[in-house]
1. Tell me which residues, restricted to the range 212-260, are crowded, with 20+ Cβ neighbours inside 10 Å, away from ligand 1 (no atom under 16 Å from the Cβ) and assigned to a loop (DSSP other than H, G, I, E, B).
2. Looking at residue 127, is it away from ligand 2 (no atom under 16 Å from the Cβ), surrounded by 15 or more Cβ atoms within 10 Å (Cβ to Cβ) and at pLDDT 95 or above?
3. If residue 11 meets every condition in (1) within 23 Å of the chain's Cα centre (by Cα); (2) surrounded by 10 or more Cβ atoms within 10 Å (Cβ to Cβ); (3) modelled with pLDDT of 95 or more apart from one, which number is that one?
4. Failed condition for residue 108, given (1) under 25 Å from residue 254 (Cβ atoms); (2) crowded, with 22+ Cβ neighbours inside 10 Å, with all others met?
5. Please note which helices (runs of 4 or more DSSP H) are completely contained in the range 2-120 and include at least 1 residues that are closer than 25 Å to residue 133 by Cα and within 16 Å of ligand 2 (Cβ to nearest atom).
6. Residue check: is residue 34 at pLDDT 85 or above and more than 24 Å from the chain's Cα centre (by Cα)?
7. Filter the range 185-196 down to the residues that are free of Cβ contacts under 8 Å to residues at least 60 places away in the same chain and away from ligand 2 (no atom under 16 Å from the Cβ) and list them by number.
8. Does residue 27 fit the bill of being closer than 30 Å to residue 193 by Cβ and loosely packed, with under 11 Cβ neighbours inside 10 Å?
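The values are calculated or read from the model by the stated rules, or taken from the named source; none is laboratory data. Small disclaimer: the values here were computed from a predicted structure and weren't measured. Because the Cβ atoms are built from the backbone with ideal geometry, glycine has one as well, and the counts that use them run over all protein chains shown.
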Ligand code: DHB
Ligand code: FE
């Protein structure tokens, strides 16, 4: 028995696909080429690399679905499903991407996630506060952070590097604060040696993403916030290969002097505001 959701969504899917086929006047060769691309994407996919997701990413699908997820929650809040204290403008979400890892150990606030020397790479003091739907700082929230190394690779792409290089988890303190030392991230290409790369090439598009840091922020009673921050000095902010940039997530990396000491109260700076869970 078809579920109500299937009954609702599939007629739309079929109608829109047919519209596309007619409007673009698609040939049998093109259709077979598309099928083969999907077969190849499935065949080379593994737990470490989901090529099918990469293909959907360069078409902007993951990013749009992510935005729909967030606006759906906001619509519910606006419709009064939430209690009246729910925040109307929570931090924007952004795609998870292929390099999230579960099971990363929590380390103390203030400790470094650079696990091998990176000579010449700009070290970054990254700190801030997590706020709940009521606008108050959230203690004991999980803050999971990951970014690429200066060579453009994430830890799982470089088995020769120390485990969890440029990746770490933290718990917010009693005042909702987290802090770590990481690197200023590097603009880098998404893996483009298979189907996703083929698609990009066909469209004369580059595979680069602007420099970004990923966040996964989880707290009781709140919707988990998956997001990224983008370096305002980076290239590719306006033509991200996977369409994930949101204006409000672009941040300025402030240069510091040699004798910089981190403020005792690592408050403010990178704030994230969570949504209520439904
Ligand atoms: C993708 C996203 C990322 O954040 C990344 O680092 C690489 C690839 C993606 O969506 O394909
Ligand atoms: Fe990334």
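1. Once the filter is applied, which keeps residues that are crowded, with 20+ Cβ neighbours inside 10 Å, away from ligand 1 (no atom under 16 Å from the Cβ) and assigned to a loop (DSSP other than H, G, I, E, B), the range 212-260 yields only 219.
2. no
3. (1)
4. In the conditions (1) under 25 Å from residue 254 (Cβ atoms); (2) crowded, with 22+ Cβ neighbours inside 10 Å, residue 108 misses (2) alone.
5. By residue number, 61-78.
6. Answer is yes for this residue.
7. 193
8. yes
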